[in-house]
1. Could you tell me which residue out of Leu207, Ser88, Ala54 lies farthest along the dipole of the chain toward its positive end? Charges go on the beta carbon: Lys and Arg +1, Asp and Glu -1, centred on the Cα centre.
2. If you split all Cα-Cα distances of the range 1-57 into 5 Å bins from zero, what percentages do you get per bin, shortest first?
3. Amide H neighbours of Leu68 under 5 Å, at least 5 residues apart or on other chains, H built in the peptide plane: list them.
4. Straight-line reach from Lys157: which lysines have a Cα under 26 Å away, not including same-chain ones fewer than 8 places off?
5. Could you derive backbone 3J(HN,Hα) for the range 156-167 from the dihedral phi with the Karplus parameters 6.51, -1.76 and 1.60 (θ = phi - 60°), listing whole Hz in sequence and x where the residue is Gly or Pro?
6. Over the Cα atoms of the range 29-126, what is the Rg over Rh ratio if Rh follows Kirkwood?
7. Just order 57-69, 205-217 by mean Cβ neighbour count inside 10 Å, highest at the front, would you?
8. Just the Kirkwood number for the range 89-191, please: inverse of mean 1/r across all distinct Cα pairs, in Å, one decimal.
Amino acid sequence: MTESHLISAGVDGKIILHQKQGSFSMEYSAHNQEVNCIDSKGGLIVSGSRDRTARVWSLSSNRLGECLHTIPTLDRVWSLAISPSQSSFVTGTACCGHVAPLRIWDVESCQLLTCLGTDFRRGAGVLDVVYESPSTLLSCGYDTFIRYWDVRASTRKCVMEWEEPHDSALYCIQSDSNHMIASGSSYYGVVRLWDKRQTRCLQTFSLSSPTSSPVYCLRFNSTHLYAALASALYALDFKGLDSRGRK
């Protein structure tokens with residue numbers, strides 16, 4: 001979502017722009033296969049797809065829907081995020097080829113700036129990436145680790161990491177840009193809260209037991225956490241005593 005548009009994409013490969021003030025909407029074919037991830041900042045949209053490309057699109061009124069760049073990523077794109085500086089963006093891919101799953105690209109030229117990490121296991125795809133600042137970001141995915149990267153310190157090794165204790169893939173993460181991290185797991189709607197100053201998670205919530213669902217998306221602040229599962233949206237109220245949340 002931007003100040004002017006709500007932007008959506010999905011399995012049909014299309015991107016749809018909805019004007020927040022008014023009834024105008026626009027859709028266009030963006031990719032040959034499903035769009036797995038999308039972000040927008042500074043008058044640009046960046047999208048990533050199963051078709052092994054990332055694409056940069058214009059949001060300016062006179063070039064709306066125009067593809068500015070296509071990047072062949074050589075692997076399925078599962079996640080991406082535009083840097084707060086708006087000068088670069090990061091892609092997280094499936095790690096099924098011979099390329100690093102975390103790569104940072106220049107927005108203007110779409111040239112590769114750097115790769116993050118080394119020696120990822122095959123299949124250790126990155127399912128979510130979140131910037132905290134232009135130099136720091138978090139990643140998570142199929143290899144069950146949350147990793148905290150600081151490109152000022154090193155691009156070869158993360159500065160901190162935390163392992164999901166039940167060996168579940170991690171679908172999503174969020175940060176308060178201070179000490180707290182929230183993660184969503186692949187089974188039973190498990191949400192965990194982490195403190196960067198500690199090695200183990202602080203608290204665990206199982207939102208979909210006894211049935212199982214991944215946590216596809218989550219957001220949190222000091223008083224509430226919202227988590228999207230397969231069939232419901234859950235809200236946790238940290239001010240109250242009910243830690244089970246409500247639909």
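The values are calculated or read from the model by the stated rules, or taken from the named source; none is laboratory data. Note that the structure is a prediction, hence the values are computed from the model and not measured. Neighbour counts run over all protein chains shown; Cβ positions are idealised from the backbone, glycine included. Heavy atoms of the whole protein, side chains included, go into the accessibility calculation; ligands, DNA and RNA do not. Shrake-Rupley method; radii C 1.70, N 1.55, O 1.52, S 1.80 Å.
1. Farthest towards the positive pole: Leu207.
2. Result returned by the calculation: 5, 21, 31, 24, 14, 5, 1.
3. Under 5 Å from the amide H of Leu68: Val56, Trp57, Ser58.
4. Straight-distance partners of Lys157: Lys196.
5. Ordered by residue, 3J(HN,Hα) equals 8, 9, 5, 7, 8, 8, 9, 9, 5, x, 9, 6 Hz.
6. Details: Rg = 12.9 Å, Rh = 13.4 Å.
Result: Rg/Rh = 0.96.
7. Working: 57-69: 13.8, 205-217: 16.6.
Highest to lowest by the protection proxy: 205-217, 57-69.
8. Here the Kirkwood hydrodynamic radius works out to 13.9 Å.
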